[in-house]
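Have a look at the structure below, then the notes.
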Amino acid sequence: MSTPHSRMDGRFDFLHIARWIRENERVLDLGCGDGALLSLLKREKNARGYGVDLDAKNVAACIRNGVNVLQFNLERGLSGFEDNSFDHVIMSLSLQTVRHTVPILKEMLRVGHEAVVSFPNFGFAPHRAAIAAGRMPVSRHLPYQWFNSPNVRFFTIADFEALCAEENIVILECLSFADGAFITDDPNLNAEVALYRLGRPDLTA
Amino acid sequence: MKSSSVGQVTPKKAYFDAPIALKSGAALPEFSLAYETYGELNAAKSNAVLVCHALSGNHHVAGFYDPANKKETLGWWDNLVGPGKPLDTRRFFVVGVNNLGGCHGSTGPRSKNPATNRPYGADFPLVTVEDWVAAQARLADSLGIDTWAAVIGGSLGGMQALQWTLAFPDRVRHALVIASTPRLSAQNIAFNEVARQAILSDPDFHGGHYYAYTDDQGEEAIPRNGLKLARMVGHITYLSDSQLAEKFGRRLRHGKHRFHYDVEFEIESYLRHQGDKFACIFDANTYLLTTKALDYFDPAFEYDGNLRLALARARANFFVASFTTDWRFSPENSRELVYALLHNGLNVSYAEIDCPAGHDSFLLDDPCYHAALTAYLEGISL
């Protein structure tokens, strides 16, 4: 899996992710793109980070940016990673590109004490309007046409929270954004992007 | 920037008069290592990179010997090493070394045994990857290199890079382990055993003391057929099925089936040619002991097979690369190494290169492969 979005678009969420990371943490970034987030976390938090990306160009870019990168295919899962070997396992704007949604979320919470996930909200009002007008949504965070999209899962904030409840995944914190600004009023309708900090029931008691 | 060649080079030789104790329990009273260097060692001696060779390689990594025969005398990793190349000799001081037991200038089976004044032949002790690295450390001492900026190698060379980080954790800052493995599989050992049996059963082998014999033309007897067969079977395993299909397919030498045992298919011609060529430039005893060094290498052996424990000593930063079509040293082996390095909290980057050329991909200049290597080597501080 490679990062389908330019990380420039995602950069505003990096700052929010960085606030959730403590000093000297071990961080695994799945679909790490050019390594910009890990580079930021290394600089700001002295984090020891590893990125995972399948795209050869991203691998070279990460190495150029001084970031550890592993060219693994996430569809094969995280089975080689040991339990609790990271403080945070992050997947920024990539969950919608992974076919095995529940297994990857479970794996992230096995390998990491906590998981951080961000994704484009398909329930965003302009997307609903596009569907109502008879076309699939195309926007800044969903820049693809239906026939060339790397996205394989289409879900809203409400869908995601329902899945978490069903799978016993604890939502520790949630932030929603549109145009880089916080959305608090009906995020499922008004947010373009959602950012979650997730935990396991056994660690959050 | 356009890359260029390091130009004409001349091999050097370092002689060591202190004995070296080998892992097998044997020892060599003295030894020499043939080596080459490219670029300049900086004042801080912080820019030295050791290139370790694989089964058929040697110290002639880059440049050429004969300006009139550049192509024929080109170093085996010339596409990697030179001004403006991934291992840039304007920045790094690069050292290539022929391993102990080699047949291109370092002390090996063809060398004179000081105890008998005759070639060692079969009496040359089995050497291991650990012994090679210990000998390379002597060379580093003699060159005034306390710490390598990097040790790099492909295949068996990658094993040496890994071994450096275990034997001398403080003397190597970066290890580049390419198309390699922390241990051979049973299948790999099996291929090596076929190669060895081909040599050992050649009537011209004479128990390994063939240097003392002449053949019926009065030439020095060498187990040419055995070595040729060994190379042929090895060569098949270094290439991928799809690559052979593309290069040769079922193409016939004569355009029709002739129903004989001479060359019928082009692949047969190619393999025979490769085998013959190799038998002229390589020593059968060196081939034998090198395949054994491959088989024995297993840092986890003393840790009940636990590679993660075995690597606890390592301090280096790692670059690991494998090739998707390499079935001899498959990506799975490299991933196992990567996970063991992760377990020990070491810095590691891993590239799994989509290249059709099988194990030998590591010798080619696939753009993604060289881009990753270049990026990594540029990031090494001096």
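The values are calculated or read from the model by the stated rules, or taken from the named source; none is laboratory data. Treat the numbers as computed from the prediction; the structure is a model and nothing was measured. For neighbour counting, all protein chains shown are included, and Cβ atoms are generated from backbone atoms with ideal geometry for every residue, glycine included. All accessible areas refer to the heavy atoms of the entire protein, side chains included, with ligands and DNA or RNA removed. Shrake-Rupley method; radii C 1.70, N 1.55, O 1.52, S 1.80 Å.
Tabulated data for the structure shown
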read-out	value
Residue within region A:67-78 that is closer than 20 Å to A:Glu23 by Cα and of a type outside the set (Gly, Ala, Ser) present	yes
Members of region B:340-369 found to be within 14 Å of chain A (Cβ to nearest Cβ), assigned to a helix (DSSP H, G or I) and touching a residue at least 12 places away in the same chain (Cβ under 8 Å), listed by number	B:Ala340, B:Leu341, B:His343, B:Ser361, B:Cys368, B:Tyr369
Of all residues making up region B:201-232, the number that are open to solvent by 70 Å² or more (accessible area, probe 1.4 Å) and of a type in the set (Val, Ile, Thr)	1
Test: B:Leu271 is farther than 26 Å from A:Ile63 by Cα, part of a helix (DSSP H, G or I), within 14 Å of chain A (Cβ to nearest Cβ) and over 18 Å from the mean Cα position of the chain (by Cα)	no
Neighbours by Cβ (under 8 Å, 6+ apart or cross-chain): first from region B:188-209, closer than 16 Å to B:Ala293 by Cα; second modelled with pLDDT of 95 or more and open to solvent by 50 Å² or more (accessible area, probe 1.4 Å)	B:Asn192/B:Lys292; B:Ala195/B:Leu229; B:Arg196/B:Lys292
Restricting region B:300-323 to residues that are within 14 Å of chain A (Cβ to nearest Cβ) and either in a loop (DSSP other than H, G, I, E, B) or closer than 13 Å to B:Ile353 by Cβ (or both), the residue that is most open to solvent (accessible area, probe 1.4 Å)	B:Asn306
Matching residues, region B:238-264, being of a type in the set (Ser, Thr, Tyr) and in a loop (DSSP other than H, G, I, E, B)	B:Ser240, B:Tyr261
Residues of region B:324-338 that turn out to be in a helix (DSSP H, G or I) and in contact (Cβ under 8 Å) with a residue 24 or more places away in the chain, as a count	4
Selected residue (only one of B:Ser381, B:Ser334 is open to solvent by 60 Å² or more (accessible area, probe 1.4 Å), at pLDDT 95 or above and within 11 Å of chain A (Cβ to nearest Cβ))	B:Ser381
Hits in region A:173-195 - residues which are open to solvent by 30 Å² or more (accessible area, probe 1.4 Å), among the hydrophobic types (A, V, I, L, M, F, W, C) and over 15 Å from the mean Cα position of the chain (by Cα)	A:Ala181, A:Phe182, A:Ile183, A:Leu189
Odd one out for A:Pro103, checked against (1) away from chain B (no Cβ under 14 Å); (2) in a strand (DSSP E or B); (3) over 14 Å from the mean Cα position of the chain (by Cα)	(2)
Selected residue [open to solvent by less than 30 Å² (accessible area, probe 1.4 Å) and over 30 Å from B:Leu373 (Cα atoms)] from B:Ala198, B:Ala179, B:Ala175	B:Ala198
Among residues of region A:196-205, those that are open to solvent by 70 Å² or more (accessible area, probe 1.4 Å) and either in contact with a helix residue (DSSP H, G or I) (Cβ under 7 Å, 6 or more places away or on another chain) or outside any loop (DSSP other than H, G, I, E, B) (or both), counted	2
Qualifying residue in region B:128-144 (condition: open to solvent by 40 Å² or more (accessible area, probe 1.4 Å) and in contact with a Gly (Cβ under 8 Å, 6 or more places away or on another chain))	no
Which numbered condition A:Ala56 fails, given (1) under 21 Å from B:Ala321 (Cα atoms); (2) open to solvent by less than 10 Å² (accessible area, probe 1.4 Å)	(2)
Selection within region A:82-125 - open to solvent by less than 10 Å² (accessible area, probe 1.4 Å) and aromatic (Phe, Trp, Tyr)	A:Phe86, A:Phe119
Counted residues, region B:1-58 - those being small (Gly, Ala, Ser) and more than 22 Å from B:Thr128 (Cα to Cα)	9
Scan of region B:88-114 for residues that are surrounded by fewer than 23 Cβ atoms within 10 Å (Cβ to Cβ) and either closer than 15 Å to B:Tyr15 by Cα or without any contact (Cβ under 8 Å) to a residue 60 or more places away in the chain (or both), ordered by number	B:Arg90, B:Phe93, B:His104, B:Gly105, B:Ser111, B:Lys112, B:Asn113, B:Pro114
